[in-house]
Amino acid sequence: MLSNSSILVTGGTGSFGHAFVPMTLARYNPRKLIILSRDEMKQWEMAKLFNGDERVRFFIGDVRDRERLYRAFRGVDYVVHAAATKIVPTAEYNPFECVKTNVNGAMNVIDAAIDCGVKRVVALSTDKASSPINLYGATKLASDKLFVASNSYGGEHGTRFSVVRYGNVMGSRGSVIPFFRSIRDRGVLPITDARMTRFMITLEQGVELVWHALDDMEGGEIYVRKIPSMNITDIARVIAPDARHEIVGIRPGEKLHEQMIGPEDAPHTYEYADHFKILPAIHDWSTSPGRIKDGRKVPEGFIYASDTNPEWMDPQVLADWIRDNAAKIGAL
């Protein structure tokens, strides 16, 4: 489907884009892959990685700028919306700016995609959008709702929208693995709460989920990949086996456990071999055979959370992953 197509990634110079671009170029050989972002320095650095590849294009722009998106989306077949203000404390202290990017930006992407005849759009979401307790999560929940409902306005081109949802990516900038690695020589690691658990997903798995959504979607689905959990203290022991743990308390807006599917979504959620699919509650889309396909409805009250997850990552698996990916941990 993506072969010989034109693909655009908003926020494409971030961690996701650095994985999505080379993986998609190698697997699908698109005609054109456009990275749209507002940071010219990140674009300049990323462009050096693809020097001479005429398929890769860079476009300075901001999802807040509706007119710029209209120019960028002309002739584009598929859009992956990865741009977001996503650091929880940043959003708490700059709420207006977070709303402008995550909510207003989502509306701009939707309008531009419909009016420019984009075929399919996949928006990246977060575990924090499920039962949100911070502004970032609330804005991403609003964004998810916008992308789901926008399938009612697909227009004559039949533009379709869906969402993929996953938690913190292993080794990404600002996440716990590079943070612990940066201070492990001090002999003390700060632990927010010894009970804390987190989902563990790689960038490659995130990209594969987006590919699947683009291929599978009818419109309005939220895709959640099945991934393992780990306890925060186990992560700390893998990175610094001899370090002492200092309990510092949970930060404002932080959850003890991650949740990607809440009980309110259970009546519309279906399970598949390696993922879940939350179908839209609006219209009759949650009973649509084209959306359900071969899915099995989850039990009433079902919750997909990191503490009750049946799959757990063995510490040795994490140690092996860190060894194999040491050069890029925290770099993107």
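Check whether at least one residue in the stretch 196-214 is among the small types (Gly, Ala, Ser) and in a loop (DSSP other than H, G, I, E, B), and report yes or no.
Residues of the stretch 196-214 that are among the small types (Gly, Ala, Ser), as a first pass: 206, 213.
From what is left, the residues that are in a loop (DSSP other than H, G, I, E, B) are none.
No, there is no match, as no residue in the stretch 196-214 is among the small types (Gly, Ala, Ser) and in a loop (DSSP other than H, G, I, E, B).
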For this session: Output the number of the condition that residue 322 fails; it satisfies all remaining conditions of (1) in contact with a Ser or Thr (Cβ under 9 Å, 6 or more places away or on another chain); (2) under 16 Å from residue 198 (Cβ atoms); (3) not polar (S, T, N, Q).
Result: (1)
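Please state which one of 190, 178 is of a type outside the set (S, T, N, Q) and in a helix (DSSP H, G or I). Reasoning before the result, please.
Working: 190 fails: in a helix (DSSP H, G or I).
Just one listed residue meets the conditions, 178.
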For this session: Quick one: which strands (runs of 3 or more DSSP E) lie wholly within the stretch 241-332 and hold at least 3 residues that are modelled with pLDDT of 95 or more and either aromatic (Phe, Trp, Tyr) or over 30 Å from residue 145 (Cα atoms) (or both)?
Result: 244-247
Seminar exercise, completed: Scanning the stretch 1-27 for residues that are surrounded by fewer than 16 Cβ atoms within 10 Å (Cβ to Cβ) and not aliphatic (A, V, I, L, M), the one farthest from the chain's Cα centre (by Cα) turns out to be 4
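Could you grab me the full set of residues in the stretch 121-139 that are over 10 Å from residue 165 (Cα atoms), crowded, with 21+ Cβ neighbours inside 10 Å and of a type outside the set (Phe, Trp, Tyr)?
Initial filter on the stretch 121-139 (over 10 Å from residue 165 (Cα atoms)): 121-122, 131-139.
Restricting the remaining residues to those that are crowded, with 21+ Cβ neighbours inside 10 Å gives 121-122, 135-137, 139.
121, 122, 135, 137, 139, listed by residue number.
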Exercise. Taking the stretch 269-281 as the search range and keeping residues that are surrounded by 13 or more Cβ atoms within 10 Å (Cβ to Cβ) and of a type in the set (A, V, I, L, M), which one is farthest from residue 201 (Cα to Cα)?
Worked result: 281
For this session: For the stretch 166-176, enumerate the residues that are β-branched (Val, Ile, Thr) and touching a residue at least 60 places away in the same chain (Cβ under 8 Å).
Result: 169
Exercise. Filtering the stretch 56-70 down to residues that are of a type in the set (Asp, Glu) and touching a residue at least 24 places away in the same chain (Cβ under 8 Å), which residue is surrounded by the fewest Cβ atoms within 10 Å (Cβ to Cβ)?
Worked result: 65
For this session: Given the conditions (1) closer than 18 Å to residue 101 by Cβ; (2) out of contact with any His (no Cβ under 9 Å at 6 or more places or on another chain), report the number of the one that residue 74 does not fulfil.
Result: (1)
For this session: May I ask you to say which residue of 76, 103, 80, 56 is farther than 23 Å from residue 163 by Cα and modelled with pLDDT of 95 or more?
Result: 56
Problem set entry | Of all residues in the stretch 137-171 being among the aromatic types (Phe, Trp, Tyr) and closer than 13 Å to residue 123 by Cα, the one that is modelled with the lowest pLDDT | 166
For this session: Could you check residue 266 against (1) in contact with a helix residue (DSSP H, G or I) (Cβ under 9 Å, 6 or more places away or on another chain); (2) under 15 Å from residue 222 (Cα atoms); (3) of a type outside the set (Ser, Thr, Tyr); (4) surrounded by 15 or more Cβ atoms within 10 Å (Cβ to Cβ) and say which number it fails?
Result: (1)
Exercise. Checking residue 223 against (1) farther than 25 Å from residue 130 by Cβ; (2) in a strand (DSSP E or B), which single condition isn't satisfied?
Worked result: (1)
For this session: Can you run down the residue pairs with Cβ atoms below 7 Å, 6 or more apart or on separate chains, where the first is in the stretch 177-198 and in contact (Cβ under 8 Å) with a residue 24 or more places away in the chain and the partner is assigned to a strand (DSSP E or B) and of a type in the set (Ser, Thr, Tyr)?
Result: 197/229; 198/229
Exercise. Take the residues of the stretch 141-174 that are among the hydroxyl-bearing types (Ser, Thr, Tyr) and either out of contact with any helix residue (DSSP H, G or I) (no Cβ under 9 Å at 6 or more places or on another chain) or assigned to a helix (DSSP H, G or I) (or both): which is surrounded by the most Cβ atoms within 10 Å (Cβ to Cβ)?
Worked result: 143
Exercise. Give me the pairs: first residue in the stretch 253-271 and at positive phi, second residue in a helix (DSSP H, G or I), beta-carbon distance under 7 Å, and six or more apart or on different chains, which are they?
Worked result: 253/88; 253/92
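The values are calculated or read from the model by the stated rules, or taken from the named source; none is laboratory data. The shown structure was predicted, so the numbers you read here are calculated from the model rather than taken from an experiment. Glycine gets a Cβ as well: all are built from the backbone with ideal geometry, and neighbour counts include every protein chain shown.
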